[in-house]
Amino acid sequence: MRFAFLALMLLVCAPRGFAQALPDLGSVGDVVLSPQTERRLGESIVRDIRFRDPTYLDDPEIVDYLSTLGTRLVRANPAARQDFEFFAMRDSVINAFALPGGFVGVNTGLLMMADSESELAAVIGHEVAHVSQRHIARMLGQEQQLQMPMLAALAAALLLGHARPDLAAGAVAATQAGAAQSSLSYSRDFEREADRIGLRTLETAGFDPRAMATMFEKLQRATRVSEDATVPGWLRTHPMTVERIADAENRAANMPYRQHVDSLEFQLVRAKLRAESGEAAGAVAYFRGALREQRYSSEAAAHYGLAAALLRDGKKAEAAAEVARLRAARAESPMVELLDARVKQAAGERAAADALLARAAERYPESRALAYARVAGLRAEGRNDAALAAVAESLRVYPRDAHLYEMQAQTYAALGKRLLQHQAQGEAYALQGSLPAAIEQLQLARSSGDGDFYQLSMVDARLKELRARHAEELRDEKKR
């Protein structure tokens, strides 16, 4: 998704002479951008999305699920050698998109449209293939002969298409059609390659390979209602054809039949999104009706959705009763534990909630959502030393989690430990790809006046390392 846009923007924003200096591209390995440059570019784009796009969904439970599913698909793709990061956008448009360097975004509209986990995995596996085959760098090679005014016009049109596809069509038509068609034809080759690799990834990861053709057919049918605001954005940059659907069907037919059972988390994430959409009373009515009429693919998820909707509607006692039913059904998931804790917190049972979160974090150490909730609960009670211990424990599992470093910085600030506060915040910025901000934080740590010799030595060593990295980035930019 958005490969043409990203390629165009890279050229538009590049220093003068960059486009003319690009080499001819002939293979995956013969590309313009180094993997390190792609990663830095991806970090920059994601940072802008996080801080400037109101549809960015900062929900650790949904991110946990997407990361688990995405990691399973990445491991099944032998060409996916870089680190991947998956995130969500609260957007009803049916969409998923890949960014340079291993970043993959998934719209909530796609999560709600997929009727099975295999269908969702088919789209994400396709996006992983775009990254593993380095299609963005290869697109740059194809676009290098286009003139700058053309690139700028196409970039603006495709950027507009993210929010207003109706206006984007006219904007693209206003540019030279020949150049646009050239770009589109090349991207179709990428789509076919991503289809083939994505299908193999789907099968290797243990999902139903027939789900790819099924999902493609659903997406194509959705485009027939062009006035609908939820027309798949995925198809605007992933042109679908009858041949592509038939190819996916034929290839899947030659693979062993596999019936994949949807994970409970897939069902719970969908129930959570439904419980949080629209009016709270409407969500309560929806789940009550689904349970009464047995209109659900997972009874546990329906009870979960009802409990979440009741809690949102302020009906704490009824929410607690639904959680009890959920527990009785033996639905085991970190999402169930966290919902139970939220219900207890809302009822004023903070000690019980903290104890539950501590037990759940031990049982599910891989759940960042539980880790965040546990630290937040301890901080809310003023138990900052315990919160620091919990953060340190989680950082051993996720040493590259920027949010955990931010929580650590906030806790140090509450304790008045300024050097450690700025040091932790600097690590958070470094992990987000903002080296100037990270360097500034370490400089503040250096001058805080409350560090001992050992702490100052650590800060100095890290400051030297980050300055060297930043200088290298600046040198790379000048070379371009």
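The values are calculated or read from the model by the stated rules, or taken from the named source; none is laboratory data. What you are looking at is a predicted structure, and each value in this text was computed from that prediction instead of being measured. Please note: Cβ atoms are built from the backbone with ideal geometry, for glycine as well, and neighbour counts cover all protein chains shown.
The set of residues in the stretch 352-370 that are within 12 Å of E337 (Cβ to Cβ) and either within 27 Å of the chain's Cα centre (by Cα) or among the β-branched types (V, I, T) (or both) comprises L357, A358, A360, A361, E362, R363, Y364, S367, A369, L370. Kindly indicate which of A376, A380, A360, A369 is free of Cβ contacts under 8 Å to residues at least 60 places away in the same chain and crowded, with 19+ Cβ neighbours inside 10 Å. It is A360. Just one of the listed residues (S298, S263, S333, S277) is touching a Leu at 6+ places or on another chain (Cβ under 6 Å) and among the hydroxyl-bearing types (S, T, Y), namely S333.
Here is a check on your reading of the model: is L219 closer than 30 Å to R192 by Cα, modelled with pLDDT under 95, touching a Ser or Thr at 6+ places or on another chain (Cβ under 9 Å) and not in a loop (DSSP other than H, G, I, E, B)? No: the conditions fail for L219. Checking Y372, Y398, Y405 one by one, the residue that is under 23 Å from K272 (Cα atoms) and aromatic (F, W, Y) is Y372 and no other. Residues in the stretch 346-358 that are assigned to a helix (DSSP H, G or I) and either of a type in the set (A, V, I, L, M) or at pLDDT 95 or above (or both): A346, A351, A352, A353, A355, L356, L357, A358.
Listed by position, the helices (runs of 4 or more DSSP H) contained in the stretch 41-146 that have at least 2 residues being within 28 Å of A275 (Cα to Cα) are 60-75, 108-113, 117-132.
The helices (runs of 4 or more DSSP H) found entirely in the stretch 253-336 that carry 1 or more residues being surrounded by fewer than 16 Cβ atoms within 10 Å (Cβ to Cβ) are 280-293, 316-328.
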